[in-house]
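The values are calculated or read from the model by the stated rules, or taken from the named source; none is laboratory data. Everything quoted here is computed from the prediction, not taken from an experiment. Counting neighbours? That spans all protein chains shown, and the Cβs are built from the backbone with ideal geometry, glycine included. Areas reflect the complete protein model, heavy atoms only, side chains present, ligands, DNA and RNA absent. Shrake-Rupley method; radii C 1.70, N 1.55, O 1.52, S 1.80 Å.
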Amino acid sequence: MKIEETTSAIVSEFENFDDWMDKYNYLIELGKSLPLIDEKYKVEANLIQGCQSRVWLHAEFDGNLIHFTADSDAVITKGIANLLIRSFSGQTPQDILDSSTDFLNDIGLTEHLSPTRSNGMLSMIKQIKMYALAFKTKASMGN
Amino acid sequence: MDPEKIRVDFPILGRKVHNKPLVYFDNAATTQKPQVVIDALVNYYTGLNSNVHRGVHYLSQQATVAFEEVREKIQHFVNARFSHEIIYTRGCTESINLVAASWGRANIGQGDEILISGMEHHSNIVPWQMLCEEKGAALKVCPLHPDGSLDMQAYADMLGEKTRMVAITHISNTLGTVNPVKEITRMAHEKGITVLIDGAQALSHMKVDVQDIGCDFYAFSAHKVYGPMGIGGLYGREEVLNAMPPYQGGGEMIKNVTFEKTLYNELPFKFEAGTPNVGDVIGFGAAIDYISGIGLDQIGAWEHELLAYATEKLSADPLVRIIGTAPGKASLISFLINGIHPYDAGTIIDHMGIAVRTGTHCTQPLMDSLGISGTIRASFAFYNTKQEIDRLMEAIDKVKEFFL
């Protein structure tokens, strides 16, 4: 599925909820269902800067697609990580670099999250795009 | 004291957050401002705005008088001997940095030791670390008992021949522990060691008497005492301040300048480079008048009642764990809800209209030593009520619904 299709689906899912409590409940469910990262990747090097709760993001490149796994010590943050992984994992570096993250505004997350958590979310997106750039460069160098 | 009568003095307490009446329990981070403080700021900029000390014109003279009157107010508020023992700074952090930079530069050398405690916030850790790095000195950390009180035996043992400075907080912003600062100072002075007390959390809760404590320095911020942000002070004993070199150059700290040599001004101006924050100083003065009018004894008594009520309620919940249980605590409680991450809990509590602080509270080393990633902190002021604590308990039930 293309990134835009996934993000549109996410926006639709959140439109089903009228109040913030239901949105949070859904995020918490998503957080609890996030596939956990392999323990060996929960290392300092994979910690995302800018998150007051800790987030570990690991990326693997199969030569064509990037596969992300993540974990956090806070459930709501894990829910957000889940949304990002669902959108960007299994995509090519170029598609990730070309994609928009407006959908996060569309589902009202940025409005309801504290600035520290919004910053954390933006840091996660930035890191995902950094991985995409790094893997794209690596691929173009023929490694 | 009737908090309902007090609350009308604070316009922000009437507002709603997430469509619910605001409950403000983040007073250790900053306190709300009474209308008289807001009015003082408006009145200053409306009718008095002028640069101080150097103008001969009417406004400048009036502003200078008002500015210096507040210095005397602060002097009496903390019972300093002289008004020139009060240095205006941007706040507690800058006060500590001033001492570390000025006193530290002149008095710390290779192999010397600076002693802090395990409950310090970053502002009373990092300036000393920077000084230690620059001078090749060592930062020593006095441990705590499990209840969050300072291990005074360890403290006594750590006061060594190389110790030059003891820098310890009066009240822990994370644990609520009130440290025996008079005893801490006495023990250090017996060995000729200089003492700085970080009073960021203390000034709004209790009567502070720097002469009784006997410390060499006492640092504080206005915004934690119902005054404006960006202004605060450093009390320093006259003899100690006089022996210190200037901290920054320029403005009022100068007596005479030639290209060859500058003569520095006397206290307190020696440490007040540049144009000062006159408006906020005047706002600080209004805050001191306001809380002096209510009385710190009354304030302390009501806050103690709030703390006892909240402690009783939170202790009755088997899923709540209180972090910091030292006897005689100040009016704040750090807690965790059955392993739920503080950010998760704080997000839901916020949506219930309640402002609490979550995270490490700028005491990351303390959190590391406790083996936790943070806490939820409810810190009370005299305008808070028991009904608001009941609302916090409802919010905690809601958090449990969400996450357990």
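Can you pick out the pairs among B:K16/B:K329; A:K126/B:K329; A:K40/B:K313 whose Cα atoms lie more than 32 Å from each other?
Cα-Cα > 32 Å for A:K126/B:K329; A:K40/B:K313; rest within.
So how do B:D9, B:D280, A:D98 rank on accessible area, 1.4 Å probe, biggest first, that is with the largest at the start?
A:D98, B:D9, B:D280
Using a simple spin-label model with points 7 Å from Cα along the Cα→Cβ vector, what separation in nm is obtained for B:V126 and B:T258?
That separation, rounded to one decimal, is 4.2 nm.
Using label points projected 7 Å from each Cα along Cα→Cβ, tell me how many nm separate B:K20 and A:E15, to one decimal.
Here the answer is 3.0 nm between the modelled labels.
Could you estimate the translational diffusion coefficient of the range A:3-142 from the Stokes-Einstein equation, with Rh from the Kirkwood formula over C-alpha pairs, at 20 °C and 1.002 mPa s, in whole µm²/s?
141 µm²/s
Normalising by the residue count of chain B, find the relative contact order in percent from Cα pairs under 8 Å and 6+ residues apart.
22 percent
Can you tell me the relative contact order of the range B:46-145? Whole percent, Cα pairs under 8 Å, sequence separation 6 or more.
Computed value for the range B:46-145: 19 percent relative contact order.
Under 16 Å Cα to Cα from A:K32, which lysines show up? Leave out anything in the same chain fewer than 8 places away.
Filter leaves A:K23, A:K78, B:K400.
Can you tell me the dipole magnitude for chain B around its Cα centre, using point charges on the Cβ only (Lys, Arg +1; Asp, Glu -1), in Debye to the nearest 20?
The dipole magnitude comes to about 480 debye.
Using a/c under 1.5 as the rounded threshold, could you call chain B rounded, prolate or oblate? The axes a ≥ b ≥ c are square roots of the C-alpha gyration tensor eigenvalues, and prolate needs a/b larger than b/c, oblate otherwise.
Verdict is oblate for chain B.
Please report the relative contact order for the range A:3-142, taking Cα pairs under 8 Å with a sequence separation of at least 6, and give it as a percent rounded to a whole number.
Computed over the range A:3-142, the figure is 28 percent.
Rounded to the nearest 10 Å², what accessible area does A:I125 have for a 1.4 Å probe in the complete protein model?
10 Å²
Within the range A:1-44, find all residues whose amide N lies under 16 Å from a label point positioned 7 Å from the Cα of A:E60 along Cα-to-beta-carbon.
Once the point is set 7 Å along Cα→Cβ of A:E60, A:35-43 turn out to lie under 16 Å by backbone N, inside the range A:1-44.
Which residue, chosen from B:F380, B:T363, B:G353, occupies the Cα position most advanced towards the positive end of the dipole of the range B:299-404, where the dipole is computed from +1 (Lys, Arg) and -1 (Asp, Glu) charges on Cβ about the Cα centre?
So the residue we want is B:T363.
Select from B:A188, B:N27, B:G285 the residue farthest towards the positive end of the dipole of the protein assembly as shown; place +1 on Cβ of Lys and Arg, -1 on Cβ of Asp and Glu, and compute about the Cα centre.
Comparing the listed Cα positions along the dipole, B:A188 ranks first.
Which whole-Hz ³J(HN,Hα) couplings does the range B:230-246 yield from phi under the Karplus relation 6.51 cos²θ - 1.76 cosθ + 1.60, θ = phi - 60°, glycine and proline marked x?
x, 9, x, x, 10, 8, x, 4, 3, 4, 6, 5, 4, 7, 8, x, x
Counting Lys and Arg as +1 and Asp and Glu as -1, each charge on the Cβ, what is the dipole of chain A about the Cα centre in debye, to the nearest 20?
Computed charge dipole of chain A: roughly 620 debye.
Tell me the accessible surface of B:S369 in square angstrom (1.4 angstrom probe, heavy atoms of protein chains only), to the nearest ten.
90 Å²
With a/c under 1.5 counting as rounded, go ahead and sort the range B:334-404 into rounded, prolate or oblate using the C-alpha gyration tensor (a ≥ b ≥ c being the square roots of the eigenvalues; past the cut-off, prolate if a/b is larger than b/c, else oblate).
Verdict is oblate for the range B:334-404.
Assign unit charges at the C-beta atoms only (+1 for Lys and Arg, -1 for Asp and Glu), then state the dipole size of the protein assembly as shown relative to its Cα centre in Debye, rounded to the nearest 20.
For the protein assembly as shown, the charge dipole is close to 660 debye.
Rounded to the nearest Å, what's the spacing between the alpha carbon centres of the range B:80-112 and the range B:258-305? Just the number, please.
So the separation of the two Cα centres works out to 15 Å.
Would you mind classifying the range A:39-93 by shape? Square roots of the alpha carbon gyration tensor eigenvalues, ordered a ≥ b ≥ c; an a/c under 1.5 is rounded, otherwise it is prolate if a/b is larger than b/c and oblate if not.
It is oblate, given that a/c is not under 1.5 and a/b is not larger than b/c.
Using helices alone, I'd like the mean residue ellipticity at 222 nm for chain B: each DSSP H run of four-plus residues gives -39500 (n - 2.57), total over residue count, nearest 500.
Dividing the helical sum by the residues of chain B leaves -11500 deg cm²/dmol.
Which of A:F135, A:H67, A:S8 sits closest to the plus end of the dipole of chain A, meaning its Cα is farthest towards the positive end, when Lys and Arg get +1 and Asp and Glu get -1 on the C-beta?
With unit charges placed on the Cβ atoms, the residue in question is A:F135.
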